[in-house]
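Below is one structure; the comments refer to it alone.
The values are calculated or read from the model by the stated rules, or taken from the named source; none is laboratory data. These numbers come from a predicted model, not from an experiment. Note that we place each Cβ from the backbone using ideal geometry, even for glycine, and neighbour counts take in every protein chain shown.
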Amino acid sequence: MLDPLLFGEIDPPQRLLMGPGPVNAHPRVLRAMSADLLGQFDPEMTAYMNQVMALYRPVFGTQNRWTMLIDGTARAGIEAALVSLVLPGETVLVVNFGRFGLLLQEILTRIGARFETVDAPWGEVVPMDAIRTAALRIRPRVIATVHGDTSTTMAQPLDGIGSIAREVGAFVYVDATATLGGMEIAADRWGADVITGGLQKCLGGPSGTAPITISDAAAEHIFTRRHDEKGIRAAGAVDGPAARIASNYFDLAMIMDYWSEKRLNHHTEATTMLYGARECARIALAEGLPARFARHKAAGAAMSAGLRAMGLTLFGEDAHRMTNVTGVYIPAGVDGESVRAMMREAFEIEIGTAFGPLVGKVWRLGAMGYNAMKHKVLLTLAALEATLQAHGHAVPLGEAVPAALAAWDATV
Ligand SMILES: Cc1ncc(COP(=O)(O)O)c(C=O)c1O
């Protein structure tokens, strides 16, 4: 028999998570998540659901009625959006500039959709006129893009994408997992129909639920695919004329009916995650979104300045850097994984490795959500300086922290 005490109580080390996410959750979010559970249709619970809808509208920069949560990590939101919007055989234009553009393609392949891409090399973004040219040629059902792709640390400009989509009769889908709550997300101004996010980056919560917003036009389209499952459909429910959505769990038509006054009993809302998401948004809105974006910008500027003062070279275009994650080349002759291990073991600080073509070449340092703070950036830089020194890589000593401090103060 397995000794029930064998593994001990959960008691993780107090790591400072300065990678591309997840990051440390705000203590208020963790406290909210320890609150007692409620029944799914308890009036207190449905009131919390309605509050979450109201709280996430400004976070997404939208008036969209359909603004809610998809249970699951951020990719649950992505998958729900794409499987509900796109029918097998329909064509999607994917704006592809990193690993998460590849994820969009992977999900579309599973849906049985066709896609074409308009690409930028890793470290760059796709010019808006290239998106327009491709959209005019392809006439897709959806233009799908990532906002901030953590794999390359680039943020795709999205102003104007909605008017391109309207010109060709497409919807716009945006994966804003890595930027929601840290850089401006302007669903209505961009003309984006569906945007999804996650908590574990700039919103300073744990992963496990995906905020989503859906325009009325996209909702109307999705409702044409409404096919309520047998066990829960109301007497007299009428199916939509279009094909059933190929996922039950990610069927946005049923999920919208769950979040509406219909309260279709589709799934059991992840109550604890909802408490956490609610607190994340409350914290963000109390800080004020412009102040929050400025804080992330200052953190990114400080991190960049400190890394440069160490003589390191940043990855990617300066003009399109995400404010919350910074890519930096691993200096020649330095073992990147050994540096990460020492950062973790000696300083309790996690920095990120990289994906695909950047593996072994780049580290990614994040400062977002609860960790986009001056002292956390300065501690990380000081620790990295000492770690590089210990690895025999000569860095100008004592330069990084003052450079970062000056950059922070110049930005706020
Ligand atoms: C831009 C982007 N999209 C999607 C994801 C996937 O999120 P999750 O791991 O929560 O499913 C991430 C996570 O790193 C991300 O950075």
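The residue of region 241-263 that is surrounded by the fewest Cβ atoms within 10 Å (Cβ to Cβ), among those that are in contact (Cβ under 8 Å) with a residue 12 or more places away in the chain and among the aromatic types (Phe, Trp, Tyr), is TYR249.
Of all the numbered requirements in (1) outside any loop (DSSP other than H, G, I, E, B); (2) out of contact with any Ser or Thr (no Cβ under 6 Å at 6 or more places or on another chain), ILE195 misses one, and that requirement is (2).
Here GLN105 fulfils each of the conditions (1) within 15 Å of the ligand (Cβ to nearest atom); (2) within 19 Å of LEU252 (Cα to Cα) apart from (2). Residues in region 199-214 that are away from the ligand (no atom under 12 Å from the Cβ) and out of contact with any strand residue (DSSP E or B) (no Cβ under 7 Å at 6 or more places or on another chain): 1 in all.
Put simply, of ILE232, ILE185 the only residue that is assigned by TED's automatic domain parsing to the domain that holds VAL172 and crowded, with 22+ Cβ neighbours inside 10 Å is ILE185.
For region 23-37, indicate whether the set of residues that are modelled with pLDDT of 95 or more, exposed (fewer than 14 other Cβ atoms within 10 Å of the Cβ) and either within 16 Å of the ligand (Cβ to nearest atom) or among the small types (Gly, Ala, Ser) (or both) is non-empty. Steps first, answer last, please.
Start the filter on region 23-37 by keeping residues that are modelled with pLDDT of 95 or more, which leaves 23-37.
Now narrow it down to the ones that are exposed (fewer than 14 other Cβ atoms within 10 Å of the Cβ): 27, 31, 34-37.
From what's left, either within 16 Å of the ligand (Cβ to nearest atom) or among the small types (Gly, Ala, Ser) (or both): 34-35.
Among the residues of region 23-37, at least one is modelled with pLDDT of 95 or more, exposed (fewer than 14 other Cβ atoms within 10 Å of the Cβ) and either within 16 Å of the ligand (Cβ to nearest atom) or among the small types (Gly, Ala, Ser) (or both), which makes the answer yes.
Here's a check for you: in region 126-147, which residue that is among the basic types (Lys, Arg) and in contact with a helix residue (DSSP H, G or I) (Cβ under 7 Å, 6 or more places away or on another chain) is surrounded by the most Cβ atoms within 10 Å (Cβ to Cβ)? Per the stated criteria, the residue is ARG132. Taking the listed residues THR91, THR62, THR67, THR73, the one that is in contact with a Gly (Cβ under 9 Å, 6 or more places away or on another chain) and hydroxyl-bearing (Ser, Thr, Tyr) is THR73, with no other qualifying. For region 330-375, the set of residues classified as at pLDDT below 95 and of a type in the set (Phe, Trp, Tyr) consists of PHE355 only. Does region 359-380 contain any residue that is assigned to a helix (DSSP H, G or I), farther than 30 Å from GLY276 by Cα and in the same structural domain as VAL325 (by TED's automatic domain parsing)? Checked against the condition, which is being assigned to a helix (DSSP H, G or I), farther than 30 Å from GLY276 by Cα and in the same structural domain as VAL325 (by TED's automatic domain parsing), region 359-380 yields no hits at all. Screening region 71-84 for residues that are under 13 Å from the mean Cα position of the chain (by Cα) and among the β-branched types (Val, Ile, Thr) and picking the one that is farthest from the ligand (Cβ to nearest atom) gives ILE78. Residues in region 143-183 that are of a type in the set (Asp, Glu) and within 16 Å of the ligand (Cβ to nearest atom): ASP149, ASP175.
Can you tell me how many residues in region 311-352 are among the polar types (S, T, N, Q) and either in a strand (DSSP E or B) or without any contact (Cβ under 8 Å) to a residue 60 or more places away in the chain (or both)?
Here is the first cut: in region 311-352, the residues among the polar types (S, T, N, Q) are 313, 323-324, 326, 338.
Then keep just the ones that are either in a strand (DSSP E or B) or without any contact (Cβ under 8 Å) to a residue 60 or more places away in the chain (or both); that gives 313, 326, 338.
Selection size over region 311-352: 3.
When GLY101, GLY123 are screened for being under 21 Å from PRO157 (Cα atoms) and either aromatic (Phe, Trp, Tyr) or buried (at least 22 other Cβ atoms within 10 Å of the Cβ) (or both), only GLY101 passes. Evaluate region 264-278: report whether one residue or more is closer than 30 Å to GLU90 by Cα, touching a strand residue (DSSP E or B) at 6+ places or on another chain (Cβ under 9 Å) and free of Cβ contacts under 8 Å to residues at least 24 places away in the same chain. No, the conditions are met nowhere in region 264-278.
Among all positions in region 226-240, there is no residue which is more than 13 Å from ALA81 (Cβ to Cβ), away from the ligand (no atom under 16 Å from the Cβ) and in contact (Cβ under 8 Å) with a residue 40 or more places away in the chain.
Per the listing LEU102, LEU93, the residue uniquely among the hydrophobic types (A, V, I, L, M, F, W, C), outside the structural domain of ARG321 (by TED's automatic domain parsing), at pLDDT 95 or above and assigned to a helix (DSSP H, G or I) is LEU102.
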